[in-house]
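Every number in this text was worked out from the coordinates using simple rules, so none of it is lab data. The structure presented is a predicted model; accordingly, all values stated were derived computationally and were not measured. FYI the Cβ positions are ideal-geometry reconstructions off the backbone, even for glycines, and counts take in every protein chain you see.
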Amino acid sequence: MAIMITDECINCGACEPECPNNAIYEGGAEWSFADGTSLNGVIKTPSGSEEDASADHEPGSMDVYYIVTDKCTECVGFHDEPQCAAVCPVDCCVDDPDHRESEDQLLAKKDFMHL
């Protein structure tokens, strides 16, 4: 599963630099697959779509920090626990019940982003 940031976020920004996949963005900021990864050019995403890795995507939230589900690996392959949740002072980095993935899927996503 991915991690999500709830509306209780106080916009402290503690989580953003902790993410090894650069999957966390400030509210209102556009994101791309290329940000903080080794991806470039046209890629085939784990969900099967083809797109330009550097193409900008709409922000996941306009008000608070947000996590891009397609880039979140729950820190599998990097750390023993999601680092965003470990540093969040208000415990608003929680499991996203709408995006469940196995450890193998999370490792495959990590390998996809970090060749």
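In table form, for the structure just shown:
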{"item": "Fully extended contour minus Cα-Cα distance, from residue 90 to residue 55, at 0.36 nm per residue", "result": "9.4 nm"}
{"item": "Local net charge near residue 30, Cβ-Cβ under 12 Å (Lys/Arg +1, Asp/Glu -1)", "result": "-4"}
{"item": "Extension reserve of the residue 115-residue 45 stretch, reckoned as 0.36 nm per residue once the Cα distance is removed", "result": "23.8 nm"}
{"item": "Cα-based helix-to-principal-axis angle, 103-113 vs the chain, degrees rounded to 10", "result": "70"}
{"item": "Backbone HN-Hα couplings from phi across the range 74-91 [Karplus 6.51/-1.76/1.60, Hz, Gly and Pro as x]", "result": "6, 6, 4, x, 10, 9, 7, 8, x, 5, 4, 5, 5, 9, 5, x, 10, 6"}
{"item": "R0 of 35 Å, Cβ-Cβ distance residue 11-residue 79: FRET efficiency to nearest 0.05", "result": "0.90"}
{"item": "Solution diffusion estimate, µm²/s, Stokes-Einstein, the chain, Kirkwood Rh from C-alpha pairs, 20 °C, viscosity 1.002 mPa s", "result": "151"}
